[in-house]
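What follows is one structure encoded as structure tokens, with my remarks underneath.
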Amino acid sequence: MQANKRRRILPGFGLSLGFTVAYLGLVVLFPLLLVFVKASGLGWRGFYEALATDRVWAACRLTFGLSLLAGLLNGVFGLLIAWVLARYQFPGRRFLDASVDLPFAMPTAVAGIALTTLYAPNGWIGSLLKPYGIKVAFAPAGILIALVFIGLPFVVRTLQPVLEDLEVAQEEAAASLGASRWKTFQRVVLPQLVPALITGTTLAFARAVGEYGSVVFIAGNMPGKTEILPLLIITKLEQYDYPGATALASMMLVVSFGLLLLINYLQRKTLVRNQA
Amino acid sequence: MSAPSRSTQDPAWTRVLLISGAVGFLVLFLFVPLTLVFAEAFRKGIKVYADAVTEANALSAIVLTVTVALISVPLNAVFGIAASWAIAKFSFKGKSLLLSLIDLPFAVSPVVSGLVWILLCGTRGLFGPWLQEHNIQIVFAVPGMVLATVFVTFPFVARELIPLMQAQGNDQEYAALSLGASGWQTFRRVTLPNIKWALFYGIILCNARAMGEFGAVSVVSGHIRGETNTLPLHVEVLYNEYNSAAAFACASILSLLGLLTLGLKTFIEWRLRLHRQKH
């Protein structure tokens with residue numbers, strides 16, 4: 001009833017929705033759909049043959065494994081940074097707060113060459129690690145560092161508003177009942193942060209799985225060893241192996257859509273919880 | 001936030017420890033790499049730097065980067081306004097599905113975002129034969145790079161405007177209409193002033209990504225020097241040629257763009273907070 005009334009009062013519904021749907025369909029949905037149409041043209045057998053190679057399997061393990069590890073590391077350090085920014089007053093806090101978004105603002109290729117030069121055996125940090133036999137650049141550890149770099153803002157920015165809205169009264173109650181500060185954090189604060197922490201970690205993981213620019217320079221790109229999935233797609237394209245690239249891309253799309261659904265679900269749950 | 005009482009205040013040593021941990025992590029992961037970009041850019045002196053950023057291929061890369069952004073950012077800004085008008089001002093079936101679909105490009109790997117255009121417009125793509133017949137080059141040329149950029153930066157403006165317009169409601173627009181304003185007048189005089197900072201915010205983020213995009217553009221660019229290399233791609237070429245000083249000189253321009261974006265973003269966030277407190 002109200003919907004109909006509103007529709008009559010404000011103009012431009014048909015135009016704006018029509019344009020939105022047409023543009024979305026043309027620029028996003030149709031091209032994405034085509035990937036699946038092309039992939040289904042391979043048939044199950046062709047699809048299986050394109051994906052069931054040692055090289056693809058190694059790239060999958062490397063990409064998903066390191067992305068998961070990066071997401072978890074971001075969960076730990078993101079919680080630390082969000083806590084410090086939300087709870088403590090100290091000189092430079094605002095500056096630090098603004099700088100957290102740097103990985104969003106820096107082009108990925110710039111981050112890529114900067115991290116590579118930094119961790120290369122003759123770089124500022126790489127040369128410090130070299131005497132201990134630690135190899136970062138052109139090894140999986142380098143990929144991990146790049147993935148932690150680009151994923152950090154996701155966790156901090158998801159946790160920060162939740163931390164700022166937490167009721168201090170609950171912590172006071174816990175303290176007045178004799179709980180230590182650490183116990184209060186464990187039993188009262190942390191449980192309320194868990195949904196946001198999982199959401200942020202999942203966001204960081206999802207970004208890491210598809211990341212290309214910041215990783216490709218530092219990775220070393222050895223097939224089977226330090227070759228990530230997005231790079232493998234590009235390699236297949238350059239070899240005119242379109243079926244292989246399409247099969248890989250459709251698999252990655254299925255994973256991204258699954259993660260998107262999961263993130264939507266988690267965010268809705270966090271919202272309900274905070275409103276309750 | 002209320003002033004923390006003693007009981008919820010962490011002990012001083014904990015605070016110092018946690019703050020040092022957070023600062024140390026951010027310095028190591030953000031500030032050291034950023035400093036390195038500028039240090040490497042100027043390592044061989046100001047002349048090498050100036051030459052690197054004024055050389056013909058670098059200039060044409062800058063022009064192309066700006067061109068691609070100038071086409072794709074306005075397109076997505078118009079889309080963002082239309083989408084937020086439809087979604088925030090009206091109720092209709094399938095709204096939440098539409099909202100999720102708008103976010104879709106953020107979930108897709110940049111490489112896949114480029115690949116879709118090859119499948120669509122490449123020589124062996126769906127429209128490939130038709131495009132070839134009519135002598136239209138999309139992939140490995142500027143139009144393909146624009147399309148890939150549009151895809152990658154698609155949600156930025158819309159996702160800033162939709163929540164804000166939803167929160168603002170329709171009352172002011174109703175008032176304007178009841179006073180005899182036309183629909184277009186209402187939008188221009190009432191809605192637009194209310195959303196201008198959020199719109200600016202979305203456009204800035206959209207622009208930063210459009211100018212800095214690497215993966216998607218790399219797939220559809222033909223990597224033709226002086227023709228289809230944007231600045232991030234030019235950085236890659238220089239870096240792979242072991243021309244580190246020039247690569248970092250061009251990278252420093254992109255870093256400045258990133259820092260400018262961050263500065264403007266912080267400023268607008270401050271303005272938006274002020275705006276909200278006033279109302």
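The values are calculated or read from the model by the stated rules, or taken from the named source; none is laboratory data. This is a predicted model, so every value here is computed, not measured. Don't worry about glycine lacking a Cβ; one is built from the backbone with ideal geometry, like all the others, and counts go over all protein chains shown.
A compact table of results
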{"quantity": "Cross-chain or 6+ apart pairs with Cβ under 7 Å, region B:175-187 first and surrounded by 14 or more Cβ atoms within 10 Å (Cβ to Cβ), then in a loop (DSSP other than H, G, I, E, B)", "calculated": "B:Gly183/A:Pro11; B:Gly183/A:Gly12"}
{"quantity": "Helices (runs of 4 or more DSSP H) fully within region A:188-276 counting 3 or more residues that are more than 10 Å from chain B (Cβ to nearest Cβ) and either more than 16 Å from A:Leu68 (Cβ to Cβ) or at pLDDT below 95 (or both)", "calculated": "A:190-210, A:242-275"}
{"quantity": "All positions within region A:133-154 that are over 19 Å from B:Val32 (Cα atoms) and within 12 Å of another protein chain (Cβ to nearest Cβ)", "calculated": "A:Phe154"}
{"quantity": "Which numbered condition B:Gln185 fails, given (1) over 24 Å from B:Leu99 (Cα atoms); (2) away from chain A (no Cβ under 11 Å)", "calculated": "(2)"}
{"quantity": "2 or more residues within 13 Å of chain A (Cβ to nearest Cβ): qualifying helices (runs of 4 or more DSSP H) within region B:1-84", "calculated": "B:12-26, B:32-41"}
{"quantity": "Residue pairs meeting the criteria (Cβ under 7 Å; at least 6 apart or on separate chains; first aromatic (Phe, Trp, Tyr), in region B:27-44; second surrounded by 20 or more Cβ atoms within 10 Å (Cβ to Cβ))", "calculated": "B:Phe29/A:Val148; B:Phe29/A:Phe149; B:Phe29/A:Leu152; B:Phe38/B:Ser252; B:Phe42/B:Tyr49"}
{"quantity": "Candidate set from region A:222-248 (those that are under 21 Å from the mean Cα position of the chain (by Cα) and over 19 Å from A:Pro31 (Cβ atoms)); member that is surrounded by the fewest Cβ atoms within 10 Å (Cβ to Cβ)", "calculated": "A:Leu231"}
{"quantity": "Options B:Glu241, B:Glu236: the member that is of a type in the set (Asp, Glu), closer than 30 Å to B:Gly45 by Cβ and within 11 Å of another protein chain (Cβ to nearest Cβ)", "calculated": "B:Glu236"}
{"quantity": "Index of the failed condition, A:Pro11 passing every other in (1) surrounded by 13 or more Cβ atoms within 10 Å (Cβ to Cβ); (2) within 10 Å of chain B (Cβ to nearest Cβ); (3) in a helix (DSSP H, G or I); (4) at pLDDT below 95", "calculated": "(3)"}
{"quantity": "Test: residue in region A:118-128 that is out of contact with any helix residue (DSSP H, G or I) (no Cβ under 9 Å at 6 or more places or on another chain) and not acidic (Asp, Glu)", "calculated": "yes"}
{"quantity": "Any chance B:Ala148 is surrounded by 15 or more Cβ atoms within 10 Å (Cβ to Cβ), out of contact with any Ser or Thr (no Cβ under 9 Å at 6 or more places or on another chain), assigned to a helix (DSSP H, G or I) and of a type outside the set (Ser, Thr, Tyr)", "calculated": "no"}
{"quantity": "Residue count for region A:33-66, restricted to those that are more than 11 Å from chain B (Cβ to nearest Cβ), in a helix (DSSP H, G or I) and polar (S, T, N, Q)", "calculated": "1"}
{"quantity": "All positions within region A:146-182 that are in a helix (DSSP H, G or I) and among the polar types (S, T, N, Q)", "calculated": "A:Thr158, A:Gln160, A:Gln170, A:Ser176"}
{"quantity": "Qualifying residue in region B:91-106 (condition: of a type in the set (S, T, N, Q), surrounded by fewer than 21 Cβ atoms within 10 Å (Cβ to Cβ) and either assigned to a loop (DSSP other than H, G, I, E, B) or in contact (Cβ under 8 Å) with a residue 40 or more places away in the chain (or both))", "calculated": "yes"}
{"quantity": "Any chance A:Ala109 is touching a Phe, Trp or Tyr at 6+ places or on another chain (Cβ under 8 Å), farther than 28 Å from A:Phe185 by Cβ and facing chain B (nearest Cβ under 8 Å)", "calculated": "yes"}
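This table checks each residue for (1) under 28 Å from the mean Cα position of the chain (by Cα); (2) not small (Gly, Ala, Ser).
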site	(1), (2)
B:Leu115	yes, yes
B:Phe127	no, yes
B:Gln132	no, yes
B:Thr153	yes, yes
B:Gly169	yes, no
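Condition check ((1) surrounded by fewer than 20 Cβ atoms within 10 Å (Cβ to Cβ); (2) touching a residue at least 40 places away in the same chain (Cβ under 8 Å)) across all residues:
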position: A:Ala139; (1), (2): yes, yes
position: A:Val148; (1), (2): no, yes
position: A:Gly151; (1), (2): no, yes
position: A:Val156; (1), (2): no, yes
position: A:Leu159; (1), (2): no, yes
position: A:Val162; (1), (2): no, yes
position: A:Asp165; (1), (2): yes, yes
position: A:Glu172; (1), (2): yes, no
